[in-house]
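The structure appears below as structure tokens.
The values are calculated or read from the model by the stated rules, or taken from the named source; none is laboratory data. This one's a predicted model, so the numbers in the text were calculated from it and none came from an experiment. Neighbour counts are summed over all protein chains in view; Cβ atoms, including those assigned to glycine, are modelled from backbone coordinates with ideal geometry.
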Amino acid sequence: MPTFQFEAMDATGAEIRDVIEAPTEEEAQATIRQMGYFVTKITAKKSRKKAAAAAGGKKKRGFVFGGVKSRELTAFTRQLSILQDAGLPILRSLRILAGQSKPGRLKNSLEDTCDEIEAGSTLSEAMAKSPKCFNRLYVNMIKAGEAGGALELILQRLADFQERAESLKRKVKSAMIYPIVVVSVAVSILTFIMIKIVPEFEKIFAEFDLELPPMTLMLVALSNWCVTYWYLIPGIPISIWLTIKLIRKFKHGRIGWDQFVLKVPIFGPLIEKNILARTTRTLGTLVASGVPILEALNITRDTAGNATFERLYTKVTEAIREGEAIAKPMKEHSVPGFHPMAAFFWFCFIGGPIGLLIYMLKYKQRIVDDIVVNMVDVGEETGELDTMLYKVADTYDEEVAVLTEGLTKLMEPLLILFLGGAVGFIVIALFVPLVKLIEGLSK
């Protein structure tokens, strides 16, 4: 017997989505009216064979690389929430947004999602088949919204969450652009001076057989090194980056590096607070949306992006399975502990034995402050866990913004001091022998 998928409204105006079996569409509508519903849309649900045939015969999508930009997905989520709030059917809303999207991963995923829904899948099931566009967090929140009949509210929360995350990411990126550009330009200019300008002065000094001062000898030696080994100037940082990437492919290498970056001077606190803000907001959004706490913790762990925090949320999940609350295991397992790979990175990048000594003093410091644990504890006691997690996230968002602004202001004088010192050293080293040469010629 054919199966029909329908959308209807009950006596209170609430939207109903369900399926019904009937010989014909007319009889299906009559049965739905007898149930006390007003039919707004009804379509014949395709069988698996027909769905497979339709999938096989659907239009081929253009080949694209990579995933979806977070900015595009955020804008799509906000637009979808507005269309759903206006009362449009979900399939029509997706068709509208797919039609106005630029060719790419998002457009292809939306068209595939529409095809899956027409074949009888729910929105969450259809989105789960496009993991490069809709991640696990996104799909589970949509699933919770469908189960609770509050898809519009869930979409609004999801859009708010993505907009806050995108705003925080933009602040951090904008703060990093200035020093990176200045350092890159400075290194390029200094390299040009060392390779092209200093050797010409060296020839002049050699022709007049001048006795060069120590500063000039140091500059000439540095210039000769740059001329001979110029390829190491870009090669060394690229090699370090590739080595770190390779080490992070292994479990212990990733844990060691992630512990190192959380405690590294200046940037460590910024990274730690940024991850805390993102993970607490993720967990709060999932809890508020009705996602089960264990699934919410697993999703939060997968989106943390740092092995130390992933270990923390894993331990909290295991403790909850054994009947404990969140606050106590969060406090107990927030100490990273000693790790040999982390000690290796401290030794290599932060001054050898001095870096190792600093690490020995830092490795027992907790990555979750008492304020986070206390607010989570209060949230569990009062049943307002999501609200407390939002407050924690807002607090750390503000701290990240303040730290980022402070670092930006600190970077400017430090970079000016570095450039002034480098240029001053070059000028003095070159002009001291020139002055002696001019004095000798005048005599």
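Observations on the model:
- Taking each residue of segment 306-322 that is buried (at least 16 other Cβ atoms within 10 Å of the Cβ) and part of a helix (DSSP H, G or I) and looking for partners that are at pLDDT 90 or above and of a type in the set (Phe, Trp, Tyr) with beta-carbon atoms closer than 9 Å, six or more apart or interchain, yields Ala307/Trp257.
- Any chance Ile255 is β-branched (Val, Ile, Thr), closer than 16 Å to Thr308 by Cβ and in a helix (DSSP H, G or I): yes
- Some residue of segment 231-250 being modelled with pLDDT under 85, surrounded by 14 or more Cβ atoms within 10 Å (Cβ to Cβ) and not in a helix (DSSP H, G or I): no
- Taken together, Ile367, Ile320, Ile416 contain a single residue that is out of contact with any helix residue (DSSP H, G or I) (no Cβ under 8 Å at 6 or more places or on another chain) and hydrophobic (A, V, I, L, M, F, W, C), which is Ile416.
Every residue, every condition in (1) surrounded by 15 or more Cβ atoms within 10 Å (Cβ to Cβ); (2) more than 29 Å from Ser109 (Cα to Cα); (3) at pLDDT 65 or above, yes or no:
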| site | (1), (2), (3) |
| --- | --- |
| Arg17 | yes, no, yes |
| Ala30 | no, yes, yes |
| Phe38 | no, yes, yes |
| Ser47 | no, no, no |
| Lys50 | no, no, no |
| Lys59 | no, no, no |
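- Of the criteria (1) among the small types (Gly, Ala, Ser); (2) at pLDDT 85 or above; (3) more than 21 Å from the chain's Cα centre (by Cα); (4) not in a helix (DSSP H, G or I), which one Gly120 fails: (2)
So that you can scan it fast, the table gives a plain yes or no per residue for (1) assigned to a helix (DSSP H, G or I); (2) within 22 Å of Gly268 (Cβ to Cβ); (3) modelled with pLDDT of 85 or more:
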| residue | (1), (2), (3) |
| --- | --- |
| Gly406 | yes, yes, no |
| Lys409 | yes, yes, no |
| Glu412 | yes, yes, no |
| Leu417 | yes, no, yes |
| Gly421 | yes, no, yes |
| Ala429 | yes, no, yes |
| Val435 | yes, no, no |
| Glu439 | yes, no, no |
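- From the options Trp257, Trp225, residue that is under 39 Å from the mean Cα position of the chain (by Cα) and either at pLDDT 90 or above or loosely packed, with under 14 Cβ neighbours inside 10 Å (or both): Trp257
- Residue among Ile197, Ile193 that is part of a helix (DSSP H, G or I), without any contact (Cβ under 8 Å) to a residue 12 or more places away in the chain and more than 30 Å from Thr314 (Cβ to Cβ): Ile197
- Of everything in segment 118-137 that is farther than 24 Å from Thr3 by Cα and free of Cβ contacts under 8 Å to residues at least 24 places away in the same chain, the residue that is surrounded by the fewest Cβ atoms within 10 Å (Cβ to Cβ) is Pro131.
- Apart from one condition, Glu163 fits all of (1) more than 30 Å from Ile233 (Cα to Cα); (2) at pLDDT below 85; (3) not small (Gly, Ala, Ser); the exception is (2).
- Out of Ile354, Ile350, Ile416, one residue alone is within 30 Å of Val182 (Cβ to Cβ), surrounded by 13 or more Cβ atoms within 10 Å (Cβ to Cβ) and aliphatic (A, V, I, L, M). It is Ile350.
- Some residue of segment 282-293 being of a type outside the set (A, V, I, L, M, F, W, C), free of Cβ contacts under 8 Å to residues at least 40 places away in the same chain and either closer than 30 Å to Gly355 by Cα or not in a loop (DSSP other than H, G, I, E, B) (or both): no
- Residue within segment 427-443 that is touching a residue at least 12 places away in the same chain (Cβ under 8 Å) and of a type in the set (S, T, N, Q) present: no
- All positions within segment 195-234 that are more than 26 Å from Val183 (Cβ to Cβ) and among the small types (Gly, Ala, Ser): Ala206
- Residue-level analysis places Ile193 outside the set of residues that are loosely packed, with under 15 Cβ neighbours inside 10 Å, hydrophobic (A, V, I, L, M, F, W, C) and closer than 30 Å to Glu412 by Cα.
- Selected residue [among the aromatic types (Phe, Trp, Tyr) and in contact with a helix residue (DSSP H, G or I) (Cβ under 6 Å, 6 or more places away or on another chain)] from Phe425, Phe345, Phe349: Phe345
- Among the residues of segment 137-159, not a single one is closer than 26 Å to Gly284 by Cβ, of a type outside the set (Lys, Arg), over 23 Å from the mean Cα position of the chain (by Cα) and at pLDDT 85 or above.
- Criterion: under 26 Å from Arg281 (Cα atoms) and not in a helix (DSSP H, G or I) - qualifying residue of Pro269, Pro265: Pro265
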